[in-house]
Amino acid sequence: MSIRQLLIKYREIIAYGFFGVCTVIVNTLIYYILAHSMSDMLANTIAFFLAVQFAYMTNTKFVFQQTYTKENFLKFWSMRIGTLLIDNGGMWLLLLLSCNNLIAKCVVNVIVIIVNYICSKFIVFCKK
């Protein structure tokens, strides 16, 4: 199988990975900027909401190649608010264990990305 065929076959996963990394960067940079002027948990929550909006826009258009709909928007946001519990819970636990806040943020992001892909693929953007 050629590289081109592999890229075509795994386009969705590659695109999700690329935009997932972009979303992590958006999330982490916003968190880092805000954490200097407010609590870690508030900075994490604000960064999460801004990163989710970025993720919705890129996942809809570039990853799953669908049009923006109210139904997908509501499903996406509902699912992501659910993963906010994982995000904040993981941050809280790792900070409680005296983990560096940026390391904690990165570890939690890996877990959240995996859960989000599974939910996006099979719940939000599933082909009917």
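Here's the picture: charge each Lys and Arg Cβ at +1 and each Asp and Glu Cβ at -1 in region 23-128, and of Val26, Leu97, Met57 the one pushed furthest to the positive end of that dipole is Met57.
These residues, Met41, Met79, Met1, go from largest to smallest accessible area, 1.4 Å probe, as Met1, Met41, Met79. Once the chain from Tyr10 to Val107 is taken as fully extended at 0.36 nm per residue, the excess over their C-alpha distance is 32.4 nm.
Rounded to the nearest 20, the size of the Cβ-charge dipole of region 30-119 about its Cα centre is 220 debye, with Lys and Arg at +1 and Asp and Glu at -1.
Once divided by 2.2 N^0.38 Å, the Cα radius of gyration of region 56-95 becomes 1.47.
Hey, can you find the accessible area per residue of region 2-51 for me, probe 1.4 Å, expressed in square angstrom? Before the final figure, lay out each step's value.
Values: 3090 Å² over 50 residues.
Here the residues of region 2-51 average 62 Å² of exposed surface.
Protein heavy-atom surface of the chain, 1.4 angstrom probe: 75% of the accessible area is carbon and sulfur, with nucleic acids and ligands not counted. For a label point 7 Å from the Cα of Cys126 along Cα→C-beta, name the residues of region 49-88 whose backbone N is under 15 Å from it. Under 15 Å, as judged by backbone N against the label point of Cys126, lie 72, 75-76, 79 of region 49-88. The separation of region 1-32 from region 56-128, counted between C-alpha centres, amounts to 14 Å. The C-alpha radius of gyration of the chain, expressed as a fraction of 2.2 N^0.38 Å, stands at 1.12.
The values are calculated or read from the model by the stated rules, or taken from the named source; none is laboratory data. Only a predicted model underlies this, so the values are computations on that prediction, with no experimental measurement involved. Every residue, glycine among them, receives a Cβ derived from its backbone with ideal geometry; neighbour counts consider all protein chains shown. What goes into the accessible areas is simple: the full protein's heavy atoms, side chains included, and nothing from ligands, DNA or RNA. Shrake-Rupley method; radii C 1.70, N 1.55, O 1.52, S 1.80 Å.
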